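Encoded as structure tokens, here's the structure I'll be asking about.
The values are calculated or read from the model by the stated rules, or taken from the named source; none is laboratory data. These numbers come from a predicted model, not from an experiment. Note: ideal-geometry Cβ built from the backbone for every residue, glycine included; neighbour counts use all protein chains shown. All accessible areas refer to the heavy atoms of the entire protein, side chains included, with ligands and DNA or RNA removed. Shrake-Rupley method; radii C 1.70, N 1.55, O 1.52, S 1.80 Å.
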Amino acid sequence: MAAKVISGKEVAAQLREQIKNDAADLTDKGITPGLAVVLVGDNPASRSYVKGKEKASAQAGIYSELCELPEDVTEKKLLQIVEDYNNNPSIHGILVQLPLPEQISETKVIETISPAKDVDGFHPISIGRMMTGQETFLPCTPFGIIKMLEQENITMEGKHAVVIGRSNIVGKPVGQLLLNNNATVTYCHSRTKNLSEMTKQADIVIAAVGRAEIINDSHLKEGAVVIDVGMNRKDDGKLCGDVDFEKASEKASFITPVPGGVGPMTITMLLHNTVLSAARIYEKSHSQ
Ligand code: NAP
């Protein structure tokens, strides 16, 4: 069976049209959604992600502001900048690009962002709300994965989902969102024994490992849905996922490519969350 390729690019383009319309409606009401992005140091990957976010914001009619800080910036200074954005009425979403240099505690920075503007969904309050099924900002990559499944009419309820990876930004929250959607969830990680025995039981496999092409057809049952979150560089410099796309496509029913799969969805959900934040702030100020 040849798998259907889920184009994250296409799903993202459809969603971005809606986001653009929602941003324009808010602008007409006098509140242009605003996103502040803080970039510390000169990590080329971080810089490229930030540029992508700025460009996508502009295309969606979202005001964005980039705050660039030197590698040796103090934690105190960065926390003050975050506080200033918390109090800035033109800013509805705050994103501090990770990783941060070692003199700065990522935990402290994330916890300083107001949960009302936490469009990355990394604040412990946002995570707690997600776990208890309350309204919050969902973390962008996991949220994007769920949106892709929904757009392709892939049922999660009653399915067995195996998530490979347990990071706080991808693995753990995507498993939680699948659970919230009534899937039965198994987490695998570096200490899991017999990984392929686990993944072979899965109706839905989410690979969020960061190891080039470690998942192939031998890890899958016939007809599995395969979502590849990984972004890895091969020896020849080419970008690839955690899944061997060619081999896995022979067994999967649906599969996401790398690039052009989960990546475009992540930025899209950031735009979505920023517009949602502006809408919430608008509603709050007009309900008083
Ligand atoms: P991470 O923090 O390094 O976590 C990787 C996870 O994989 C860990 O839980 C680790 O287990 C597990 N793992 C490592 N080797 C394994 C193995 N051989 N078998 C089974 N599990 C193994 O990475 P991350 O931040 O979650 O990111 C994962 C990948 O997604 C990376 O390639 C990253 O670049 C990509 N990513 C893509 C997007 C996007 O928008 N497309 C967004 C975020 C991340 P332990 O916990 O036991 O160490």
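Distance in nm between label sites at I125 and C67, each 7 Å beyond Cα in the beta-carbon direction?
1.8
If R₀ is 25 angstrom, what is the calculated FRET efficiency for the pair K200 and K9, using the beta carbon separation as r and rounding to 0.05? Intermediate results must be reported in sequence, preceding the final value.
On the way: r = 30 Å, r/R0 = 1.19.
In this case the efficiency is close to 0.25.
Still on this structure, I have one more. Find how many whole Å separate the alpha carbon centroid of the stretch 185-249 from the alpha carbon centroid of the stretch 1-36.
28
If you take every DSSP beta bridge fully contained in the stretch 140-263, what fraction is antiparallel? Give it as a percent rounded to 5.
10
State the extension gain, in nm to one decimal, for the chain segment bounded by R166 and T192, taking 0.36 nm per residue of separation less the distance between their alpha-carbons. Write down the numbers at each step before the final one.
Details: separation 26, 0.36 × 26 = 9.36 nm, distance 1.13 nm.
Full-extension gain reported as 8.2 nm.
Separate question: Scan around H92 for amide H atoms under 5 Å from its own, H built in the peptide plane at 1.01 Å from N, and keep only partners 5 or more places away or cross-chain.
The answer is G34, L35, A36.
What longest range of the chain stays clear of loop-exposed GluC sites (Glu not before Pro) (DSSP non-H/G/I/E/B, at most 16 other C-beta within 10 angstrom)? It would help to have the intermediate numbers written out before the result.
Details: sites that count: E71, E102, E135, E152, E157, E222, E250.
The reported range is 1-70.
Something else about it: Mind checking the full-extension length gain between A24 and S287? Use 0.36 nm per residue of separation minus the Cα-Cα distance, one decimal, nm.
On the way: separation 263, 0.36 × 263 = 94.68 nm, distance 2.09 nm.
Using 0.36 nm per residue and subtracting the Cα-Cα distance, I get 92.6 nm.
Give a residue-ordered list of calculated ³J(HN,Hα) values for the stretch 221-227 (Karplus: 6.51 cos²θ - 1.76 cosθ + 1.60, θ = phi - 60°; whole Hz; x for Gly, Pro).
Each residue of the stretch 221-227 in turn: 8, 4, x, 5, 8, 10, 10 Hz.
Moving on. Provide the gained length on full extension for the span E157 to N180, in nm with one decimal, where the gain is 0.36 nm per separating residue minus the Cα-Cα distance.
Working: separation 23, 0.36 × 23 = 8.28 nm, distance 0.92 nm.
Once the chain is fully extended between E157 and N180, it gains 7.4 nm.
Please compute the per residue accessible area over the stretch 31-114 with all protein chains in place, 1.4 Å probe, rounded to a whole number of Å².
On the way: 4030 Å² over 84 residues.
Heavy-atom SASA per residue in the stretch 31-114 reads 48 Å².
Continuing with the same structure: Whole-Hz ³J(HN,Hα) for each residue in the stretch 83-97, computed from phi via Karplus 6.51 cos²θ - 1.76 cosθ + 1.60 with θ = phi - 60°, x for glycine and proline: what do you get?
4, 4, 5, 4, 9, 8, x, 7, 10, 10, x, 10, 10, 9, 5
Roughly how many nanometres apart are two label points built 7 Å out from the Cα toward the Cβ at S218 and L98?
3.3
With the dipole of the chain worked out from charges on the C-beta (+1 for Lys and Arg, -1 for Asp and Glu) around the Cα centre, which of S48, P264, A36 lies farthest toward the positive end?
Of the listed residues, the answer is P264.
Using modelled amide H (1.01 Å from N, peptide plane; none on Pro or chain starts), what sits under 5 Å from the amide H of G261, excluding residues fewer than 5 places away?
Residues meeting the amide H criterion: G8.
Another question, then. Under 19 Å from a label point 7 Å along Cα→Cβ of Q59: give me every residue in the stretch 257-287 with its amide N that close.
Inside the label zone: 257-276.
Whole-Hz Karplus ³J(HN,Hα) for the stretch 129-137, in order, using 6.51 cos²θ - 1.76 cosθ + 1.60 and θ = phi - 60°, x for Gly and Pro?
5, 4, 5, 9, x, 8, 5, 6, 9
If you don't mind, there's one more thing I want to ask. With a 1.4 Å probe and all protein chains left in place, how much accessible area per residue does the stretch 127-190 have, in Å²? Could you put the intermediate results ahead of the total?
On the way: 2870 Å² over 64 residues.
Accessible area per residue: 45 Å².
Here is a follow-up. Taking all protein chains as present, what is the carbon and sulfur share of the accessible area of the stretch 140-263, in % to the nearest whole number, probe 1.4 Å? Mind showing how you got there, number by number?
Numbers: 2530 of 5600 Å².
Carbon plus sulfur share of accessible area: 45 percent.
Which trypsin sites (Lys or Arg not before Pro) does the stretch 4-38 hold that lie in a coil by DSSP with at most 12 other beta carbons within 10 Å? Working shown, then result.
Numbers: sites: K4, K9, R16, K20, K29; in loops: K29.
Those that pass, being in a loop and sparsely packed, are K29.
When ligands, DNA and RNA are left out and all protein chains stay put, how many square angstrom of accessible area per residue does the stretch 198-259 have with a 1.4 Å probe? Please list the in-between numbers first.
On the way: 2790 Å² over 62 residues.
Result: 45 Å² per residue.
Now a separate question. With a point put 7 Å past each Cα toward its Cβ, work out how far N232 is from Q80 in nm, to one decimal.
So the two model labels end up 4.4 nm from each other.
Whenever you get a sec, compute what percent of the accessible area on the stretch 31-114 sits on carbon and sulfur atoms (1.4 Å probe). All intermediate terms of the calculation are to be shown ahead of the outcome.
Details: 2080 of 4030 Å².
Ligands and nucleic acids excluded, carbon and sulfur reach 52 percent.
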